[in-house]
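Peer 1: Before anything else, here's the structure in question.
The values are calculated or read from the model by the stated rules, or taken from the named source; none is laboratory data. Bear in mind that the values here come from a model prediction, so they are computed numbers and not experimental data. Because the Cβ atoms are built from the backbone with ideal geometry, glycine has one as well, and the counts that use them run over all protein chains shown. These accessible areas exclude ligands, DNA and RNA; they are computed on the full protein's heavy atoms, side chains included. Shrake-Rupley method; radii C 1.70, N 1.55, O 1.52, S 1.80 Å.
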Amino acid sequence: MFILPVIPFPAIDPILISIGPFAVRWYALAYIVGILAGWFYARALISSERLWGGPAPFTALDFDDFVIWITLGIILGGRTGYVLFYNLPHFASHPIEILQLWNGGMSFHGGVTGCIVAVVLFALKRHIPMLSLGDVTCTVAPIGLFLGRLANFINGELWGRPTDVPWAMVFPNAGPLPRHPSQLYEACLEGIVLFIVLGLVVRAGGLKRPGLVTGIFALGYGVARITGELFREPDVQLGFLWGGLTMGMLLCIPLMLGGIALLTVVLSREPQAKAPLKEQVKQPQ
């Protein structure tokens, strides 16, 4: 019997550090590092007048305050999306598990919804342009996506479909069949490739057209995610849905349509020659 060679799965402990009852997991670290790295990158973008054609329409200090809002949007939206889209019957029977974030279970599309709410509310509160704030947020988002997919790989979750490619792996708890390391595919597409594309758009003057980066992110992520889903095993509690599509694919459709609609509007307008700096005197908070 011919047995295909497979790459051994690197059995990395999902817990990075454990001190008594306190444990730091790679999954949590990915979120923390992703948010912090995105924060510093965003500050660099905001401080570069060349990218905006003048001063940015909000300050780095504004974004410092926004980080708390976006963090809550990611966590609350991501968890709510997972509960509603991926395992509602289970959580309806075990509602206390909704709060057990350390067991994993976050939805990107739910997180996007939470981020949109955070952007809208913060922009209204501070009287700053929503689209420009969204553009900066989307530009830095691939950093967190990349780290999150690496954490999925370390956890040995969200594995790929059975395959005979030379780089196939046998994942713990996924049976004896070699599978695509689809988490790494998604880390590359949703993280590295999307980060480079958005970075090039920004450096070509994308921030001078509010909403351009956001539209490209929505469309680009949808393409990257659907491509990755072609190699990823569907969630066992859902399986394949309409026409052989997965839940991840279906949720990308409205995201991509929204991105196309936004790009259509943005590209029909002239780019801003200069983004006016928000007045320094703010209303009492």
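Peer 1: Taking H as built 1.01 Å from N, whose amide H comes closer than 5 Å to the amide H of PHE58, not counting residues under 5 places away?
Peer 2: Correct list: LYS278.
Peer 1: When all protein chains stay in place, what accessible area (Å², nearest 10, 1.4 Å probe) is found for TYR41?
Peer 2: Roll a 1.4 Å probe over it and TYR41 shows about 40 Å².
Peer 1: Step through the residues of the range 44-50 one at a time and calculate ³J(HN,Hα) from phi using the Karplus curve (6.51 cos²θ - 1.76 cosθ + 1.60, θ = phi - 60°), rounding each to whole Hz and writing x for Gly and Pro.
Peer 2: Couplings: 5, 5, 5, 7, 8, 5, 4 Hz.
Peer 1: On to the next question. What do you reckon, how do TYR31, TYR86, TYR185 stack up by accessible area (1.4 Å probe), largest on top?
Peer 2: Output order, biggest surface exposure first: TYR31, TYR185, TYR86.
Peer 1: For the range 1-78 and the range 94-130, what is the separation of their Cα centres, given in Å?
Peer 2: So the two Cα centres are separated by 14 Å.
Peer 1: Report, in cubic angstrom per residue, the convex hull volume of the C-alpha atoms of the chain.
Peer 2: Given the Cα convex hull of the chain, per-residue volume reads 160 Å³.
Peer 1: Okay, next question. Name the long-range amide H neighbours of PHE171: under 5 Å, sequence gap of 5 or more, or other chain; modelled H, no Pro or chain starts.
Peer 2: When sequence neighbours closer than 5 places are left aside, the close amide H contacts are ARG179.
Peer 1: What number, in percent, do you get for the relative contact order of the chain if the mean sequence gap of Cα pairs under 8 Å and at least 6 apart is divided by its residue count?
Peer 2: Relative contact order comes out at 22 percent.
Peer 1: Would you please give the residues with an amide H less than 5 Å from that of ARG25, counting only those at least 5 places away or on a separate chain, with H modeled from the backbone geometry?
Peer 2: Residues meeting the criterion, in which the H sits 1.01 Å from N, are LEU16.
Peer 1: Length gain on complete extension for the stretch ILE32 to ILE12, per 0.36 nm per residue less the alpha carbon to alpha carbon distance?
Peer 2: Once the chain is fully extended between ILE32 and ILE12, it gains 5.3 nm.
Peer 1: Within the accessible area of the chain, what % is carbon and sulfur when the probe is 1.4 Å and the other protein chains stay in place?
Peer 2: Of all accessible area on the chain, carbon and sulfur atoms account for 73 percent.
Peer 1: While we're here: If I model a spin label at VAL67 and CYS188 as a point 7 Å from the Cα along the Cα→Cβ vector, what separation in nanometres do I get?
Peer 2: Here the modelled spin labels are 3.2 nm apart.
Peer 1: Report, in degrees rounded to the nearest 10, the 0 to 90 angle that the Cα long axis of helix 108-126 makes with the longest principal axis of the chain.
Peer 2: That works out to roughly 20 degrees.
Peer 1: Right, here's the next one. Over the alpha-carbon set of the range 1-142, divide Rg by the Kirkwood Rh and report the Rg/Rh ratio to two decimals.
Peer 2: My calculation puts Rg/Rh at 1.10.
Peer 1: Heads up, I need the accessible area for LEU99: 1.4 angstrom probe, whole protein in place, Å², nearest 10.
Peer 2: 120 Å²
Peer 1: What number results when the radius of gyration of the range 92-154, computed over Cα atoms, is divided by 2.2 N^0.38 Å?
Peer 2: 1.41
Peer 1: Shifting gears a bit: Evaluate E = 1/(1 + (r/R0)^6) for ILE19 and ILE96, where r is the Cβ-Cβ distance and R0 equals 41 Å; express this FRET efficiency to the nearest 0.05.
Peer 2: That pair, ILE19 with ILE96, gives E of 0.95.
Peer 1: Heavy atoms of the protein only, probe of 1.4 Å, neighbouring chains included. What is the accessible area of PHE91 in Å², nearest 10?
Peer 2: It works out to around 10 Å².
Peer 1: Taking only DSSP H segments of four or more residues, each worth -39500 (n - 2.57), what value at 222 nm results for the chain once the sum is divided by all its residues, to the nearest 500 deg cm²/dmol?
Peer 2: Rounded to the nearest 500, it is -18500 deg cm²/dmol.
Peer 1: Is the range 96-203 best put as rounded, prolate or oblate by its Cα gyration tensor, with a ≥ b ≥ c the root eigenvalues, rounded for a/c under 1.5, and otherwise prolate when a/b is larger than b/c, oblate when not?
Peer 2: Note, shape of the range 96-203 comes out oblate.
Peer 1: Using a basic spin-label model with each label point 7 Å from the Cα along Cα→Cβ, how many nm lie between ILE196 and VAL117?
Peer 2: The modelled label-to-label distance comes out at 3.6 nm.
Peer 1: Here's a follow-up. Give me the distance in nm between label points sitting 7 Å out from Cα along the Cα-to-Cβ direction at LEU124 and SER47, one decimal.
Peer 2: Taking the two extended label points, one gets 3.2 nm.
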